[in-house]
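Working notes, beginning with the structure itself.
Values quoted throughout were computed directly from the atomic coordinates according to the rules given, and no laboratory measurement underlies them. Quick caveat: nothing in here was measured; it's all calculated off a predicted structure. All Cβ positions, glycine included, derive from the backbone under ideal geometry; neighbour counts span all protein chains shown.
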Amino acid sequence: MASGDDNPNVNESITFNPLFPANGNFYGNVGLTTIANLIAIEPQFALSPHPDVTISATILALWRESTDDAAYTPGMNAIPGTANASGKRLGTSYALFTRWTPSANLTGDLEYQYYAVSGAVRDAGGEDSQCLSLRTSYLF
């Protein structure tokens, strides 16, 4: 949980500002939210059907900590129209992640994420979104 600002009438934000957030580690690599004015519940299930393969499925339920404050994207960018909007519910993200590690130097990642917006984000004009990413890395 990350705290929110409870006084929108002042020209300074007292919302928690994560200076160096690792959003991809917690909320998927799509980067639709950050840990500011946020309550998140994230069950994750993982299995390894082969020593070189890991598959994980995640459901991430999101709420605003304070309805007096906005919802934020990475970089502390307030989502227009969410400050003082009614309702705390932001949405739910569903992610499926697969990592293949054929050697100590080579890694391949495949990730799909679907974000179903609700409440304050939908009322502000936000829409559901989805992303598919394929990444490889080679360390030497």
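Taken over the stretch 91-124, the residue count meeting the criterion of being over 16 Å from the mean Cα position of the chain (by Cα) and of a type in the set (Ser, Thr, Tyr) is 4. If the condition is being touching a residue at least 40 places away in the same chain (Cβ under 8 Å), within 19 Å of residue 54 (Cα to Cα) and out of contact with any Cys (no Cβ under 7 Å at 6 or more places or on another chain), then the stretch 82-134 contributes 95, 96, 97, 98, 99, 100, 101, 102, 111, 133.
Can you work out which of the residues in the stretch 94-110 that are closer than 11 Å to residue 57 by Cβ and not aliphatic (A, V, I, L, M) is surrounded by the most Cβ atoms within 10 Å (Cβ to Cβ)? Among residues in the stretch 94-110 that are closer than 11 Å to residue 57 by Cβ and not aliphatic (A, V, I, L, M), the one surrounded by the most Cβ atoms within 10 Å (Cβ to Cβ) is 97. When residues in the stretch 76-88 are screened for being within 13 Å of residue 64 (Cα to Cα) and buried (at least 16 other Cβ atoms within 10 Å of the Cβ), 6 of them pass.
Being more than 20 Å from residue 43 (Cβ to Cβ), among the charged types (D, E, K, R) and in contact with a Phe, Trp or Tyr (Cβ under 6 Å, 6 or more places away or on another chain) is the filter here; which residues of the stretch 60-113 pass it? Residues satisfying the conditions do not exist here.
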